[in-house]
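Undergrad: One structure follows; several queries about it will come next.
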Amino acid sequence: MRLEDERESDNVEDRRGEGGRGGFGVGRGVGIGTVILALVASYFLGIDPSVMLSLFSGGGNPAPQSAPAHKPPASDEMATFVSKVLADTEDTWRVIFQQTGRQYQNPKLVLFTGATPTACGTGQTAMGPFYCPQDQKVYIDLAFYQDLKTRYKAPGDFAQAYVIAHEVGHHVQHLLGIMDKVQAQRGRTSETQANALSVRLELQADCFAGVWAYHADRMRNVLEAGDIEEALAAASAIGDDRLQRQARGYVVPDTFTHGTSAQRVHWFRSGIESGDLRQCDTFQARPH
């Protein structure tokens, strides 16, 4: 991925080395059983912890205490890389929103290690990267990229960029009002139906990541040979069916929350081949 000459984002907050602060709100509406369930589900199924904790607690987790934000050091190559990826999503989505008469609001990207407070509860490394709509921040422990390479067998810089782009895709859903509608619907349905809605939300974020890549490459020629294949490999590696089979030896489709490997590949490919948000309506499309 060609980002050498690209700018870095001003919206990266480095909390690494601060240690975990706050908690899941135990004793304030979220019990220890909920904490354990959220951690287990997030680790084995890749469930967005902000969605899980918000669902089980009924929302309304208290906002974390504010702390002075600081940028990552210039010598940190991985932090510089994700900062440039975030900047590229900012520039790309700003143009896409302008074309439809909307104004894009940049999210923050928080780097942490171990645990960190969020407006959606405490984020944990084991949860993987996630987006919190309550504070409009993407959270990632960069150690996840080592897991992506070794545990999930999905190496490459564009695979890493896809991870950020997917979470930014959730931010786009939040700005468009899609996420709020889905959350409201989830609260009125059965667990199986709620999971199905989560799948469609996640697949749309995959498609939005593809839309970003389509336009970023046409604006700035950022893609290199093999990049698309790296992203598709990453999308396939973190499908619910593959993760469940690796974790327990079998799959339970009713518990899927992100979609199968084939579905994730299909929707990312739909976005990157079309560059059209209208091709990302996973809620009306028939399952693939």
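Derivation of every value follows stated rules applied to the coordinates shown; laboratory data play no part. Keep in mind that what you see is a predicted model, and the values were worked out from it rather than measured. As a convention, Cβ positions derive from the backbone with ideal geometry for all residues, glycine included, and neighbour counts pool all protein chains shown.
Undergrad: With +1 on the Cβ of every Lys and Arg and -1 on the Cβ of every Asp and Glu, and nothing else charged, how large is the dipole of region 125-254 about its Cα centre, in debye rounded to the nearest 20?
TA: About 260 debye.
Undergrad: Something else about it: Roughly speaking, what is the stretch gain from Arg151 to Arg7, that is 0.36 nm per residue apart minus the C-alpha to C-alpha distance, in nm to one decimal?
TA: Length difference between fully extended and current span is 48.7 nm.
Undergrad: So, one more: Arg264: net charge of surrounding residues, Cβ under 11 Å, Lys/Arg +1, Asp/Glu -1, itself excluded?
TA: Residues near Arg264 contribute -2 overall.
Undergrad: Provide the packing ranking of 220-229, 259-268, 127-136, i.e. peptides ordered by the mean count of other C-beta atoms within 10 Å per residue, highest first.
TA: The densest-packed peptide leads the list: 259-268, 127-136, 220-229.
Undergrad: Just want the ordering: Phe144, Phe158, Phe208, from fewest to most Cβ atoms lying within 10 Å of their own Cβ.
TA: Going from least to most buried by this count: Phe144, Phe158, Phe208.
Undergrad: Using only the Cα atoms of region 81-168, build the gyration tensor, take square roots of its eigenvalues as a ≥ b ≥ c, and label the shape rounded, prolate or oblate: rounded if a/c is under 1.5, else prolate if a/b is larger than b/c, else oblate.
TA: Judged from the Cα gyration tensor, region 81-168 comes out oblate (a/c at least 1.5, b/c at or above a/b).
Undergrad: Okay, next question. Cβ neighbours within 10 Å, averaged per peptide: list 274-280, 170-176 in order, most packed at the top.
TA: 170-176, 274-280
Undergrad: Roughly speaking, what is the stretch gain from Lys71 to Arg94, that is 0.36 nm per residue apart minus the C-alpha to C-alpha distance, in nm to one decimal?
TA: In short, 6.0 nm is gained.
Undergrad: Can you pull out the trypsin sites (Lys or Arg not before Pro) in region 120-181 that DSSP calls coil and that have at most 15 other Cβ atoms within 10 Å?
TA: Of the trypsin sites (Lys or Arg not before Pro), the ones in loops of region 120-181 whose Cβ has at most 15 other Cβ atoms within 10 Å are Arg151, Lys153.
Undergrad: Moving on to the next point. I'd like the FRET efficiency for Arg286 and Gln193, computed as 1/(1 + (r/R0)^6) with the beta carbon distance as r and R0 of 25 Å, rounded to 0.05.
TA: 0.90
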